[in-house]
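Novice: Quick one: the structure is below, and I'll ask about it shortly.
The values are calculated or read from the model by the stated rules, or taken from the named source; none is laboratory data. Note that the coordinates shown come from a computational prediction; the quantities given were computed from them, not determined experimentally. Cβ atoms come from the backbone with ideal geometry, glycine included; neighbour counts cover every protein chain shown. Side chains are part of the model used for accessible areas, which takes the heavy atoms of the whole protein and leaves out ligands, DNA and RNA. Shrake-Rupley method; radii C 1.70, N 1.55, O 1.52, S 1.80 Å.
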Amino acid sequence: TARRIGPNVVYTGQGKTKARLQGYTMFQNMTQVHACPDPTTGDAPAPGEMPACDIYQADWTNRSAVRHGYLPQWGSAAANEVRGTDGSLFAHPLTGQETVVTFQEDYRRWIEMVYVGEVHDFHGVSLRRYVFSQEDFRNDSVMSADWYQDNLPTGLSNLTLMGGFPLFLSKPHFLEADPSVQQAVEGLDPDPESHLTFIDAEERSGVTFRTHKRVQLNAGLKRLRFPSLSRIEALSLATILQRDLNEAETRCVREEVTWDFGLPAEGDEHMLFLPMVRYDEGFEMPASFVKDFKKQVLGSTSAAKTVQVAGPLFAVLLALIGVIIIMRGRRNEQELARRRTHRYSTIHEGDIMV
């Protein structure tokens, strides 16, 4: 849908709220995600331009948004909330016990990512791996009705309102989707290694060092029956071809075979989900950056930890040295005083002897 787009607002970390670091506070001027399915509701376009939705204004009420052609994207305030980061940076340190949230601009919704384990030795740096939560693609989860996927097979997310036609998001090759979805399409080969979306982030800084977003967009098609040629159509085809029908064409007409392309009869409420686009957006930090990061960040962190541990010990050592110096000083003073006393006594005795 053509629309004029407002700015995004991201929390950059000013203040002490680490949990909000790099998180969206507004998406295209919205704190609640809306879609504009009908661009003709916007202002009249300039000559030669296509109709487009008005820019969403941050001070609009829901009634104002509807008046300008916008509708809530999802089924609840919680689902429409603009929250999560763009995936480049998270609140740190990462412990592996948390669920991180990313806001996916392409799908206009937030998605939770769960920790699945450590990835060791990325150019000498240990990373923590997070993947899409399967709960966000289930049809029986707490939020499934709000995502409009409670009537869909598991493994699909409904983007119809955003696309303006039956549009559904899935993992590539319908990975982890309901078997009925996979069986309806030939040529699939779902593989967790090559079709998984993941983020690998460094635990102490929260910085993403490597990521792949792998998704698939699918069109939803009604399962219609495609009938065979009628006798009249077959005769017309023969006339057009200026030849007799071949054996297969003749058998189709004679036996009244229905070409249904393997789909159920008309009236079935299910849909065929036809893959349209599959893409993989990947990124990883270059080795030169990792080298500098280890030296300047992890090195200083190690030094700071060393100071934290060794500092008190060093202070105790200095105190002990000070005590030893003081005790030695006092001992020297006592020895010097004793020697002076002995010397004076010797001189006095000599005088008497004279």
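Novice: Can you spot a residue in the stretch 185-192 that is farther than 29 Å from Leu94 by Cα, at pLDDT below 90 and either of a type in the set (A, V, I, L, M) or assigned to a helix (DSSP H, G or I) (or both)? If you could, list the steps in order and put the result at the bottom.
Specialist: Quick first cut of the stretch 185-192, residues farther than 29 Å from Leu94 by Cα only: 185-190.
Okay, now just the ones that are also at pLDDT below 90, so 185-187.
Right, trim to either of a type in the set (A, V, I, L, M) or assigned to a helix (DSSP H, G or I) (or both) and you get 185.
Checking the stretch 185-192: at least one residue is farther than 29 Å from Leu94 by Cα, at pLDDT below 90 and either of a type in the set (A, V, I, L, M) or assigned to a helix (DSSP H, G or I) (or both).
Novice: Go through (1) part of a loop (DSSP other than H, G, I, E, B); (2) in contact (Cβ under 8 Å) with a residue 24 or more places away in the chain; (3) of a type in the set (A, V, I, L, M); (4) surrounded by fewer than 21 Cβ atoms within 10 Å (Cβ to Cβ) one by one and return the number of the condition Met162 breaks.
Specialist: Unmet condition: (1).
Novice: Has the stretch 174-183 got any residue that is more than 19 Å from His212 (Cβ to Cβ), hydrophobic (A, V, I, L, M, F, W, C), part of a helix (DSSP H, G or I) and at pLDDT 90 or above? It would help to see each step written out before you state the result.
Specialist: Filtering the stretch 174-183 down to residues more than 19 Å from His212 (Cβ to Cβ) leaves 178-183.
Now drop any that are not hydrophobic (A, V, I, L, M, F, W, C), which leaves 181.
Adding the requirement that they be part of a helix (DSSP H, G or I) leaves 181.
If we keep only those that are at pLDDT 90 or above too, we end up with 181.
Looking through the stretch 174-183, at least one residue is more than 19 Å from His212 (Cβ to Cβ), hydrophobic (A, V, I, L, M, F, W, C), part of a helix (DSSP H, G or I) and at pLDDT 90 or above.
Novice: Only residues in the stretch 183-212 that are in contact (Cβ under 8 Å) with a residue 12 or more places away in the chain and within 14 Å of Val116 (Cα to Cα) count as the first member; pair them with residues that are open to solvent by 40 Å² or more (accessible area, probe 1.4 Å) and assigned to a loop (DSSP other than H, G, I, E, B), Cβ under 6 angstrom, at least 6 apart or cross-chain, and list the lot.
Specialist: Glu203/Pro93
Novice: If a residue has to be out of contact with any strand residue (DSSP E or B) (no Cβ under 8 Å at 6 or more places or on another chain), open to solvent by 50 Å² or more (accessible area, probe 1.4 Å) and in a loop (DSSP other than H, G, I, E, B) to count, how many in the stretch 56-91 make the cut?
Specialist: Matching residues across the stretch 56-91 total 3.
Novice: Which of the residues that make up the stretch 124-134 are over 15 Å from Glu98 (Cβ atoms) and either open to solvent by 10 Å² or more (accessible area, probe 1.4 Å) or of a type in the set (Lys, Arg) (or both)?
Specialist: The answer is Gly124, Ser126, Phe132, Gln134.
Novice: Which residue is modelled with the highest pLDDT, if the candidates are limited to the stretch 1-15 and must be farther than 17 Å from Gly84 by Cα and assigned to a loop (DSSP other than H, G, I, E, B)? Let's see the steps before the verdict.
Specialist: If we filter the stretch 1-15 for residues that are farther than 17 Å from Gly84 by Cα, which is where we start, we get 1-6, 15.
So of that shortlist, the ones also assigned to a loop (DSSP other than H, G, I, E, B) come out as 1-2, 4-6, 15.
Working: Thr1: 45, Ala2: 50, Arg4: 68, Ile5: 82, Gly6: 87, Gly15: 57.
My answer is Gly6.
Conditions (1) of a type in the set (Lys, Arg); (2) farther than 30 Å from Phe289 by Cβ, marked per residue:
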| residue | (1), (2) |
| --- | --- |
| Arg138 | yes, yes |
| Leu167 | no, yes |
| Lys171 | yes, no |
| Phe174 | no, yes |
| Pro179 | no, yes |
| Ser194 | no, no |
| Asp200 | no, no |
| Glu203 | no, no |
| Val207 | no, no |
